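Chemist: Below you'll find the structure I mean.
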Amino acid sequence: MKIRKVKSRAKLCVSCLLALVCVVGIVISAYKIIEWKIDSDRTKSQEKEVQTIAEVTEKEDDQKTEVVKQEKPDPKTGPYWDYIKMKLIDVDFTELKQKNSETVSWISVSGTNINYPVVQTTNNDFYLNHTFDRSYNEAGWVFADFRNSVDGNDKNMIFYAHGRIDGTMFGTLRNILTSGWLNNVSNYTIRTSNEHENALWQVFSVYHIPTTSDYIQTSFLSDEEFQKFTNMLMKRSSFNFHTNVTGADHIMTLSTCYSETERVVLHAKLIKRSAKN
């Protein structure tokens, strides 16, 4: 009888322990969901405020507009010739910089919800968990690689943000992997504006890949090294955009999470720019 009682007590203890573990797990999960919802609401509030204070307008080409020379011109029937007729966006950064002095650019990606001011600080960590007003928020914000200069001279300008499932930040960047996005040639453009210039970019590579840093390179010793780099990016693309990229080009890279172990990446080349000063 004693042995049976001991076994019964042991089973009861195990059952209680398992129940306790389940309760703790449920509490932690509930806390995470609530925390995520709070961050999401605060991010959307920041978005609305930014859209309110930002002055984003479309601008016709003028004497300062430069179509970037193509060493290997696209076919005359290609969409490139329609892209370079597009209006650029022009942003007044006065109020944005009053809100956050680290504002360096604005980015708008066709076929996505990405339409944000870009910030930059002295590292690639701070804006992973701080929003535009610099308050703590796990949703983070869109930010430029700290090694980049936004004056338009870097060979590879890199922007990061979280791929939020609510569609904020780079949450809709995963659209670039869908047939709906890829089958619409009007999606293959990005427009940016900073205090130095307004610019237009043409997409040439999209993919998702196990987490790696081989595409996160901002400086190159020569045009030949850069050409090898862009060749790698084009070969990696999950879609053929039939776009030429040479060692003389300048490119932009957008990077976000696809899963815990993978990234979604987009690359585009500069095709038109207009100085602001």
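Coordinate-derived values only; no laboratory data. Small disclaimer: the values here were computed from a predicted structure and weren't measured. Every residue, glycine among them, receives a Cβ derived from its backbone with ideal geometry; neighbour counts consider all protein chains shown.
Chemist: Got a sec? Charge dipole of segment 39-275, +1 on Cβ for Lys and Arg, -1 for Asp and Glu; which of 179, 46, 139 is way out at the positive end?
Modeler: Towards the positive end, the residue furthest out is 179.
Chemist: My understanding is that a pair violates if its Cα-Cα distance is over 25 Å; which of 155/276; 155/235; 235/276; 87/228; 97/269 do that in this structure?
Modeler: Values: 155/276 20 Å; 155/235 19 Å; 235/276 35 Å; 87/228 32 Å; 97/269 27 Å.
Result: 235/276; 87/228; 97/269 exceed 25 Å.
Chemist: For residue 121 and residue 262 in the same chain, what is the full-extension length gain: residue separation times 0.36 nm, less their Cα-Cα distance, in nm? List each step's numbers first, then the result.
Modeler: Numbers: separation 141, 0.36 × 141 = 50.76 nm, distance 2.48 nm.
Full extension from residue 121 to residue 262 adds 48.3 nm.
Chemist: Turning to a different aspect of this structure: What's the local net charge at residue 205, with K and R +1, D and E -1, over the other residues with C-beta under 11 Å away? The partial results should precede the final answer.
Modeler: Working: positive: 235, 236, 269; negative: none.
With Lys, Arg at +1 and Asp, Glu at -1, the neighbours total +3.
Chemist: Follow-up question, since we're still on this one. What distance in nm separates the simple spin-label points at residue 45 and residue 183, each placed 7 Å from Cα in the Cβ direction?
Modeler: Result: 4.1 nm between the two label points.
Chemist: With a 10 Å radius around each residue's Cβ, average the other Cβ atoms per peptide and rank 150-157, 115-122, highest first. Can you show the working numbers first?
Modeler: Working: 150-157: 17.6, 115-122: 20.0.
By packing density, highest mean first, the sequence is 115-122, 150-157.
Chemist: At R0 = 30 Å, how high is the FRET efficiency between residue 276 and residue 38 if r is their beta carbon distance? Nearest 0.05 is fine.
Modeler: Working: r = 38 Å, r/R0 = 1.27.
Efficiency, from the Cβ-Cβ distance: 0.20.
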